[in-house]
Each structure stands twice: as C-alpha cells, then as structure tokens.
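The structure appears right after this line, and notes come after that.
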Amino acid sequence: MGSSLVLERAKRVLVGGVNSPVRAFRSVGSNPVVLARAKGPFVYDQDGRRYIDLICGWGSIILGHAQDEVVAAAVERIREGHMLGLTCELEVELAEEVTKSFRSVELVRFTNSGTESVMTAVRLARAYTKRKKVLVFEGCYHGHSDSLLVKESRDPESMIGVPFSAGIPDEVVADTIVVPFNDVESVRRALRSHRGQVAAILLEPIPANMGVVTPEDGFLEELREVADREGCLLVFDEVVTGFRVAKGGAQELYRVEPDLTCLGKVLGGGLPIGCVGGRSEVMRLLAPEGPVYHAGTFAGNPLVMAVGLATVRSLSSGTYEVLEDVGRRVGDALLKLASGFGEGPVLNRVGSMFTVFFTRGRRVRNYRDAKSSDAGSFRAFFDALLKSGVLMPPSQFEASFVTVSHSEVVPELERSLGG
Ligand SMILES: Cc1ncc(COP(=O)(O)O)c(C=O)c1O
C-alpha cells in the first residue's frame, strides 16, 4: 500500500494521523513521510523511496539503522524471553556502562522514557533539598510532564513559566522559573528573588530542542558555582547529548559535573528508555531505599537493556572522531546549500548534532534568537532537501543527527548538495 493510502487510514484511527505531533509535518506545511524500513544511514518510505536520514530516531540511533551487532543482540534476547519482570543481569551490565562512562554517576535507575527520567530527577531534587521550585531555560525541552511543559516565562520580572499545552493549570507551573539560556545574570537574579526555594537548576547542557544551541564559555561552570552557593542541585538533561557528543556526554566535553544526570535515546539504541543517575547520597532517596517513589512495569526491560548494551559497548573514542568528521562535512555541505534559501544562514553544531538557522548572520545563543529564524526560508530548504532525497527533521526547532554509518554517504551527500 502506498504512502497516501496509509496516511488516509492513519487519519481515521490516529489523532492527526500521528503518535507525536512533529511527525505531522505541520510546521513545514508538507505531507508527512511514511516510513517502512531503515538500514545504515538510509530510511525508505512506504513507496520505496530512499532518503539519507538526518532524523536518526530523533537522536536515538548513533551507529546506523539495523546495525549488525545490535540486531543480533535483539534477536538473541527475544529468543531468551524479552520480558522478565524481575531483576536480570543485563540491567546491572548497562548500569555499569553508565557509571563507567559518567564520572558524576554512582547509582542509576532505569525508566521507560526521557520524560520519566527528568520527572524522577525533579522529584529527587525536591526531596533532597526540601525545596519546591525548579529553574529551567527558555526553549529547553524536558519531556511532556506537566510542570516542565513550559517554553517561556510569563514576563521577565516574575520569571514564572507559561504552560505551552492546554490542560495544565497555571498552579502546576507556578514553581517552574524560566530564564534565557546562556544568561547567567538572569539565573543569579532568579535565585535572588526566590532565595532558599530553588531545588534544582535543570538544563539541556547543549540544548537540542530550540535547534542546537551551544553553551558559551564558562556558562556551565558558572551554573555549577551558583548551584553550590545556593544549595540547589544541578541537573543535566542529557537525554540527547548523553553518549552522543562524547561517551560521557556534555559533562565530559565541558568538564562540569552535575548532581543528577538524565539519559535516554542513545542509551536504548533506538528502543524506549530513560535513566536517572547521580551521587549515591541523592539517588538513595529512591524507593525501596528511600521515600521518593518511582516504579515501572517495563523499567529495565531485558530487550531494551540488550540493545542498549550492544550500542554503548560499540562506542569508542574512535567513534567520536568519525562522528565529528561526518558531522562537520555534512553540516558544512548543508550550510552551503542553505545560502541559496536565505541570506547568512548560521550553523550550530556539536559533533554529530546540528541545526541550520536563517537569522541573517546573527548568532543563535538562546530561544529568542532561534525564534527569529526565517520560517519561510527553512520550509523551502527542508523541501529542497526532501526532493533531493535527504530527510531532515520537519521543524526549525529540532536537531539533525548523523550516525557512524553516514560516513559511507558523505561524498554522495556533498555531491547532491553541491558541496
Ligand atoms: C532533552 C530531552 N529531554 C527529555 C526528552 C523526553 O524524552 P522522551 O521523548 O523519551 O520522553 C527529550 C525528547 O526529545 C529530550 O530531547
């Protein structure tokens, strides 16, 4: 059955034809792509058309689609029983990989999604500090739990978040303070106005959800200092960056250690996962050792653990050299092409994750800058890529990703993009 028929059927039984809104392609105004299969750097749509994939499972695929070792691990696990429901050695092995890779992490708890990992981290921070408020940054995304579903503050004075979904009462976000990214003065001001009340400073250390934005020199270090001075926890949401920008995530790259770390995406090698980890003193507050509740039927599921293990065990320092080289070449080729769609496009990139903005040469260092990108130029750029067989995330405010397997298509990509 062709893509258009699947889409028609989808609209009859799935809300908006999708299970996650960005997949509806509304912000680029084109028909959604319906995918059937994937191998290496390629995805194939329902009509058999091949694309070079820059979505890469929204950052969860890092080696390449259907990579041999990962497939073998999954098949073996399914034969052995993929749902056990009690503790299994694979959970211990994956937890050991996390504690080996992230110096700041002594103990971990697996969850089923990034959303749950951040929700649990916030609950832990509140219990540990006995404080209520959480400071987050404009344009960062921490999953769809109610109190974190804010993108901007109501006004620069109160700094209280505005829910960006219906169904979330203002009271639920009243303890969520929102300040601009890369602006340590605003953080200081917020902490002064809410002295002794902030449980955690929570951020994507390299935001990916306003498009990619990089932390400026010293920003993360200053947050560490401020958190220590104020007695609140520093929580890094490394759901995207963990195992992606370095084996030990953004905290390895920038040498700043948070108190709690949230992981997801790459850690599950493309299967649903989340993980919260940190110092044992904080983590031991979780049930059954402490009073902070978290549980999950599928938490630590053996199939997810097996696929995650096969993935993270394949990641060496050489992997990150390949990812840097591929990311640089693909990013440069895209930037060159982008100049045909708007004056002065800007590329923000860290290793294998990047975003092209159309801001007429203006640097993009926070959400307001990202929002000033020209939507029409992005749409035309996205369409041109799609026509030439390159599938980019269908939104300006998403990161593009490459995998190790993309190294085999870099010359083709450079050629097709006129690089
Ligand atoms: C930084 C960040 N945190 C949390 C999440 C939520 O993860 P999940 O979609 O697995 O619930 C995402 C999802 O894209 C994310 O990018």
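Leaving out ligands, DNA and RNA, and with a 1.4 Å probe, what % of the accessible surface on segment 68-312 is carbon or sulfur? The partial results should precede the final answer.
Numbers: 5060 of 9860 Å².
Its accessible area is 51 percent carbon and sulfur atoms.
Packing, taken as the mean count of other beta carbons within 10 Å per residue, orders the peptides 42-50, 326-334, 161-169, 229-237 from highest to lowest as 229-237, 326-334, 42-50, 161-169. Distant-in-sequence amide contacts of residue 34, defined by a placed amide H-H separation under 5 Å and a gap of 5 or more residues or a different chain, comprise 46.
So if R0 is 30 Å, what FRET efficiency would residue 408 and residue 164 give, r being the distance between their Cβ atoms, rounded to the nearest 0.05? Let's see the in-between values first.
On the way: r = 39 Å, r/R0 = 1.31.
Given R0 = 30 Å and the Cβ-Cβ separation, E is 0.15.
Rolling a 1.4 Å probe over the heavy atoms of the protein chains gives segment 68-312 an accessible area of 40 Å² per residue. Please give every one of the aspartates and glutamates within straight-line cross-link reach of residue 39, meaning a C-alpha to C-alpha distance under 19 Å, and leave out same-chain neighbours fewer than 8 residues apart. Within the straight-line limit of under 19 Å, residue 39 reaches these aspartates and glutamates: 47, 53, 68, 69, 408, 412.
Which pairs in the list 11/133; 130/151; 247/387 are over 29 Å apart, alpha-carbon to alpha-carbon? Walk me through the intermediate numbers first.
Details: 11/133 40 Å; 130/151 25 Å; 247/387 34 Å.
In this structure, 11/133; 247/387 exceed 29 Å between Cα atoms.
Calculate, for residue 197 and residue 152, the FRET efficiency according to 1/(1 + (r/R0)^6) with r their C-beta to C-beta distance and R0 25 Å; round to the nearest 0.05. Could you put the intermediate results ahead of the total?
Numbers: r = 21 Å, r/R0 = 0.83.
Using R0 = 25 Å, I get an efficiency of 0.75.
The value of relative contact order for segment 344-385, using C-alpha pairs under 8 Å at least six residues apart, is 31 percent.
What the Cβ-Cβ distance of residue 324 and residue 36 gives, at R0 = 25 Å and to the nearest 0.05, is a FRET efficiency of 0.20. Rounded to the nearest 500, the helix-only mean residue ellipticity at 222 nm of the chain stands at -10500 deg cm²/dmol, with each DSSP H run of n ≥ 4 adding -39,500 (n - 2.57).
With the simple model of a label 7 Å out from the Cα in the direction of the Cβ, residue 87 to residue 71 spans 3.5 nm.
When only C-alpha pairs under 8 Å and at least 6 residues apart count, what is the relative contact order of the chain, in percent?
Working: 872 pairs, mean separation 91.9, N = 419.
Averaging sequence separation for qualifying contacts and normalising by length gives 22 percent for the chain.
Full extension of the chain segment joining residue 255 with residue 188 gains 22.0 nm, where the gain is 0.36 nm per residue of separation less the Cα-Cα distance. For the chain, a crude dipole built from +1 on the beta carbon of Lys and Arg and -1 on the beta carbon of Asp and Glu, taken about the Cα centre, is about 820 debye to the nearest 20. Label-to-label distance for residue 96 and residue 368 is 5.0 nm, based on points extended 7 Å past Cα in the beta-carbon direction. Just the protein heavy atoms count here, and of the accessible area of segment 320-419 at 1.4 Å, carbon and sulfur take up 48 percent. Cα centroid separation, segment 395-419 to segment 1-70: 17 Å.
Suppose every Lys and Arg Cβ carries +1 and every Asp and Glu Cβ carries -1, with no other charges. What dipole size does segment 68-312 come out with about its Cα centre, to the nearest 20 debye?
540 debye
The values are calculated or read from the model by the stated rules, or taken from the named source; none is laboratory data. What you are looking at is a predicted structure, and each value in this text was computed from that prediction instead of being measured. When we count neighbours, we look across all protein chains shown, and the Cβ atoms used for this are built from the backbone with ideal geometry, even at glycine. Keep in mind that these areas ignore ligands, DNA and RNA; they rest on the heavy atoms of the full protein, side chains included. Shrake-Rupley method; radii C 1.70, N 1.55, O 1.52, S 1.80 Å.
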